[in-house]
1. Would you mind listing the strands (runs of 3 or more DSSP E) fully within region 38-95 where at least 1 residues are closer than 30 Å to residue 157 by Cα and more than 14 Å from the chain's Cα centre (by Cα)?
2. Being assigned to a loop (DSSP other than H, G, I, E, B) and out of contact with any strand residue (DSSP E or B) (no Cβ under 8 Å at 6 or more places or on another chain) is the filter here, so list the residues in region 359-401 that pass it.
3. If residue 157 passes every condition in (1) under 30 Å from residue 61 (Cα atoms); (2) in contact with a helix residue (DSSP H, G or I) (Cβ under 7 Å, 6 or more places away or on another chain); (3) surrounded by fewer than 22 Cβ atoms within 10 Å (Cβ to Cβ) but one, which one does it miss?
4. Any idea which of 105, 72 is farther than 30 Å from residue 275 by Cα and either in the same structural domain as residue 253 (by TED's automatic domain parsing) or in contact with a strand residue (DSSP E or B) (Cβ under 9 Å, 6 or more places away or on another chain) (or both)?
5. Confirm whether residue 138 is within 30 Å of the chain's Cα centre (by Cα), surrounded by 15 or more Cβ atoms within 10 Å (Cβ to Cβ) and in the same structural domain as residue 58 (by TED's automatic domain parsing).
6. Please work out which one of (1) within 30 Å of residue 108 (Cα to Cα); (2) modelled with pLDDT under 90 is the condition residue 319 fails and give its number.
7. Going by the conditions given, is residue 307 in the same structural domain as residue 165 (by TED's automatic domain parsing), modelled with pLDDT of 90 or more and over 27 Å from the mean Cα position of the chain (by Cα)?
8. Go through 18, 32, 83 for me and flag whichever is crowded, with 16+ Cβ neighbours inside 10 Å and either on the phi < 0 side of the Ramachandran plot or in contact with a strand residue (DSSP E or B) (Cβ under 8 Å, 6 or more places away or on another chain) (or both).
């Protein structure tokens, strides 16, 4: 089964909690804090693997969770970091946010890794939190939650050469005789419903050839299998445009396919292209071939018979020559904004909702998640951190008075001035 787009939910592991404990040893005059830090949560990492050609594994694994870090322990022992969850994906995998407005990253090489959800940081134990003013804190930090998001994962086949053309022009037969691929071949249109990849070798040289679903008119609007076809052709360095000499007007078919490419992305017309006149075993007309060569003068033309395997040597040499003259294609994705680390947003924001002052913000969320609200000393530290962020003064500027309710995420506090 070929799957080239899937929506999944990923949740990285939470960091382990730090521990608050004290040394109490015989013959040791001074005790002190002795709680270790929690371990970091596991991240979820996509890793490229050659040989994979589909995202079918993700289709049956829609919810991926990493393990949590181990809590800190007494005697200053740190909790163990959780192992990362590695998900193997084919080359050409692109990861977007849920609505595909933001690209998180792309896998283009074997072994390349992409962190799609980062594990939470482990909480600090009271050894790490000790200061000169508070040498023996009675609290520890909780671990940070891991990143969680819904993602759209898309596959665009990575191949050096892609076969273009109408259905039933002989693309599947051609890839079967040029490479080790064994696609389905039959005497009816659309026998190719998914991309097929094959390795073409000649002496010490090789390239990856892709047989893609055939185009029909208005494929760029989603008719037939066009959108799926056009998505995968984007990554090919060289196009081999296969024409059927046995049809009534091969040149018209050539123009129609070029038109579909232009409607989908005009830049595709700038890609190096070789025109392959197939089925000379059925029609071998020197005048027809020379006429097509004259009309398609901007691209090299070669006549072959995939069925009888004639002219394949010339075609392979021409492909190798074209590949040597054109460096590896580096895709530029400009239809979405690529993921980058942006400047930090405001540490907090205050909104008044139904008489309750609600606090939100990234920095505020971090210290909130790290606070153990079952520990009185930890709550007092949390209040000091709020004052350090300037929240008390900001609330007063908003008009808050003693006795007003202030909501911080899951908790509602009473403001006391």
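1. On the way: elements: 44-48, 63-65, 85-89.
Hits in region 38-95: 63-65, 85-89.
2. So in region 359-401, the residues assigned to a loop (DSSP other than H, G, I, E, B) come out as 361, 371-375, 390, 398-401.
Passing the criteria: 371, 372, 374, 375, 390, 399, 401.
3. (3)
4. Within the list 105, 72, the selection yields 105.
5. When the stated conditions are applied, residue 138 does not pass them.
6. It is condition (2) that residue 319 fails.
7. Values: in the same structural domain as residue 165 (by TED's automatic domain parsing): yes; modelled with pLDDT of 90 or more: no; over 27 Å from the mean Cα position of the chain (by Cα): yes.
No; evaluated as a whole, the condition is false for this residue.
8. It is 18.
The values are calculated or read from the model by the stated rules, or taken from the named source; none is laboratory data. Computed from a predicted structure; not experimentally measured. Because the Cβ atoms are built from the backbone with ideal geometry, glycine has one as well, and the counts that use them run over all protein chains shown.
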